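Take a look at the structure below.
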Amino acid sequence: MSSRSADNVVRSLLTFLLTAALACAALVPAATPAAAATPVCVLACDTRDPSLARQESFPVPAKNLNGRRLALHVSDADDMAWASIDDGVTGDSVWLDRSWDRGATWEGLLGKASIPGTWTGTRTLMYNITDPRNHRRGLVRACGDAAAVGCTDWVYPTVCDTLCDGTNAGQAAGDDQPVPTKTLYGRTIRLHMDQKNSMAWASIESGGSGDEIWLDRSWDGGSTWPDGSSLGRTSTPSGATSTRTAMYATRDPRGLLYGGAVRACGREASHQEGSCTAWVRPAPTRARAAADALMYSYDPYNGWWPSSWWNSAATLSSLIGFARTTGTHDYDWILARTFEQNKGVFAAGVRSSDALEGHFISRSIDDSAWWAIAWIDAYDYTGDARYLNEAVIIANYVQQYWDPGTCGGGVWWDRERTYKNAVTNGQHLWLTTALHQRIPGDTGWLQRAKTAADWYRSSGMINSSGLVNDGLNSSCANNGSTVWSYNQGLAIGGFTELWKTTGDSSLLTTARALADAAISRPALTRDGVLTESCDIGSASCDDNQKQFKGIFMRHFADLAKATGSSVYQGYIQKQADTLWAQDRSSLNALGQRWAGTSPNQTDWRTQASALGALTAAAG
């Protein structure tokens, strides 16, 4: 071949490649797809079959793509979407794009499927729209290739709660300003809250033409905000000195995102740098704010608060108590979710350090009993008999460890029968009474409750000061171990409930004596504030102890309500007022030390405990 011929071949090849490249480029949407998708699991994991969808809706218009019908299908009940292409020919394809930054970038080609021979349509598998486990709000669209590439609109670009993004701030039900303003070149940047509707807006004041104001919204407490950068960005018009944004929602119940945080940001016209207020979550009510912040830590896929087993049961009870007291139903879905995801068998280390043998049962008798209490609460709230049936199964298991052969009675703490303690026997007293109250015609559980109450009062665990020590020693005497608030609370609750059932005034006398001791003795109350021994000085509470005070407050509040005591009610209000004023961050995180002293610890366990106090005050 001559050099001229070779040159012609090369030139032709380059022309072909360039033409092909330009043709391919014309098919690619305007922005660059993000990296390959990491599977997302919410109520189900990505790639679920659409035949399993619990709903089907079409929230965005279908797209006509060269005569093909490209559609986005959504199941809000599953928080998932899938795409289909119809009226097509062999080789036409369809897929989903998913974006975590309002469409700037996306995970492309999710579930890509092509129409096979003799068919005229096909569909993808389902993919999650949002990712509450990792605190991300997503957008999804359907895309197809039928001799050209096209996509539907993104679904749910606007967040809606009671009101939707973009609502005029003039419609706000109040104007709260929960964090300090920010000053920038003489301008005042201000964050505003409509607490009732959990909406926010921002304003810039004392400025001039061209000044800018906007909101940032974050679903992970202000760590990132790719889905909420520069919301409602607005410039001060000519001749004006101030302006404001529209309102934006801080909760997305459809996407199972409840703990959104916002901040106000602004820029003076002649400078590039901006400034922002602190991040804040709304507080429509104290208890609602605490509950929303608590839901931030719930894992919807595994159906618990990782990674504490019994604490998750007590936390579920806290959330049910909040819902029953306030009439809030946003979190109702987690009852069935927690039940279905956790009623089976789990190896040691998956949920608990102990193996779980089904029906929430393990070698730890007290851990099992916490779940029985939670399912009684769920039954009371929903009326669903499966929860009461589950509580009976667990209570029968607990009852097996009632042993009159040692110390004259009482339930063992563990399967190995190493310890008889206050928590397990307080639970047993409350459980047996509760089951009698809920099972028509029962006599067996009532007799067990009466026997348990008599044994508890004579066991020696209640000391001479009216406080409950942790348990009994090998000689069946009070072991003098730490007085913990939850032991005191469970005893108060158990005796109160049995008194309401039987009318035996001696049971009420015992409950009152336990309550009076709790609020007057420094072992549990200091300066009027409920205080654990691990709340003092440089001490710190472990993951179990972090949740004790909320359990106390639940049962103390039951006694206060049953007796109408103004002293008890005043104590409850004192706890709520103190922790709200001294133990709360701008993100509504509530710590271990309700008096706000240092060092303080904050996590979902302390949050659930504080929610118990706020709910008691709200009731």
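At a glance:
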quantity	calculated
Qualifying residue in the range 585-604 (condition: part of a helix (DSSP H, G or I) and either more than 20 Å from Pro306 (Cα to Cα) or among the hydroxyl-bearing types (Ser, Thr, Tyr) (or both))	no
Segments classed as strands (runs of 3 or more DSSP E), wholly inside the range 190-270, with at least 2 members that are open to solvent by 30 Å² or more (accessible area, probe 1.4 Å) and over 18 Å from Arg288 (Cβ atoms)	231-235, 261-267
The one condition in (1) assigned to a loop (DSSP other than H, G, I, E, B); (2) within 35 Å of the chain's Cα centre (by Cα); (3) not acidic (Asp, Glu) that Tyr387 fails to fulfil	(1)
Failed condition for Ala395, given (1) among the hydrophobic types (A, V, I, L, M, F, W, C); (2) open to solvent by 20 Å² or more (accessible area, probe 1.4 Å); (3) part of a helix (DSSP H, G or I)	(2)
Qualifying positions in the range 557-591 - touching a residue at least 60 places away in the same chain (Cβ under 8 Å) and under 20 Å from Ile519 (Cα atoms)	Ala557, Asp558, Leu559, Ala562, Ala576, Trp580
Scan of the range 285-297 for residues that are surrounded by 22 or more Cβ atoms within 10 Å (Cβ to Cβ) and part of a loop (DSSP other than H, G, I, E, B), ordered by number	Tyr296
Matching residues in the range 475-491 - criterion: being among the hydrophobic types (A, V, I, L, M, F, W, C) and free of Cβ contacts under 8 Å to residues at least 24 places away in the same chain	Ala477
Identity of the residue in the range 563-586, of a type in the set (A, V, I, L, M) and open to solvent by 40 Å² or more (accessible area, probe 1.4 Å), that ends up farthest from the chain's Cα centre (by Cα)	Val567
Within the range 123-149, considering residues that are buried (at least 18 other Cβ atoms within 10 Å of the Cβ) and among the β-branched types (Val, Ile, Thr), the one farthest from the chain's Cα centre (by Cα)	Thr124
Residues satisfying the stated conditions in the range 356-373, i.e. assigned to a helix (DSSP H, G or I) and of a type in the set (Asp, Glu)	Asp366, Asp367
Residue check, Ile376 free of Cβ contacts under 8 Å to residues at least 40 places away in the same chain, open to solvent by less than 10 Å² (accessible area, probe 1.4 Å) and either part of a helix (DSSP H, G or I) or closer than 20 Å to Asn473 by Cβ (or both)	no
Output for the range 100-117, where each listed residue is free of Cβ contacts under 8 Å to residues at least 40 places away in the same chain, touching a strand residue (DSSP E or B) at 6+ places or on another chain (Cβ under 8 Å), surrounded by fewer than 17 Cβ atoms within 10 Å (Cβ to Cβ) and part of a loop (DSSP other than H, G, I, E, B)	Pro116
Cβ-Cβ under 7 Å pairs, at least 6 apart or on other chains, the range 499-519 side β-branched (Val, Ile, Thr), far side part of a helix (DSSP H, G or I)	Thr501/Thr433; Thr501/His436; Thr501/Gln437; Thr510/Arg457; Thr510/Phe495; Ile519/Tyr571
Candidate set: the range 163-182, residues that are out of contact with any Lys or Arg (no Cβ under 8 Å at 6 or more places or on another chain) and without any contact (Cβ under 8 Å) to a residue 40 or more places away in the chain; chosen: the one most open to solvent (accessible area, probe 1.4 Å)	Asp175
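Table: residues versus (1) open to solvent by less than 40 Å² (accessible area, probe 1.4 Å); (2) touching a Phe, Trp or Tyr at 6+ places or on another chain (Cβ under 6 Å).
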| site | (1), (2) |
| --- | --- |
| Trp309 | yes, no |
| Ser312 | yes, yes |
| Phe322 | yes, no |
| Tyr331 | yes, no |
| Gln341 | no, no |
| Val345 | no, no |
| Ser352 | yes, yes |
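Here is a yes/no grid of residues against (1) assigned to a helix (DSSP H, G or I); (2) small (Gly, Ala, Ser); (3) crowded, with 24+ Cβ neighbours inside 10 Å:
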position	(1), (2), (3)
Gln427	yes, no, yes
Leu435	yes, no, no
Asp442	no, no, no
Leu446	yes, no, no
Ala449	yes, yes, yes
Arg457	yes, no, no
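The values are calculated or read from the model by the stated rules, or taken from the named source; none is laboratory data. It should be emphasised that the depicted structure is a prediction, and the values quoted were computed from it without experimental measurement. Neighbour counts are summed over all protein chains in view; Cβ atoms, including those assigned to glycine, are modelled from backbone coordinates with ideal geometry. To get the accessible areas, we keep the full protein, side chains included, count just its heavy atoms, and leave off ligands, DNA and RNA. Shrake-Rupley method; radii C 1.70, N 1.55, O 1.52, S 1.80 Å.
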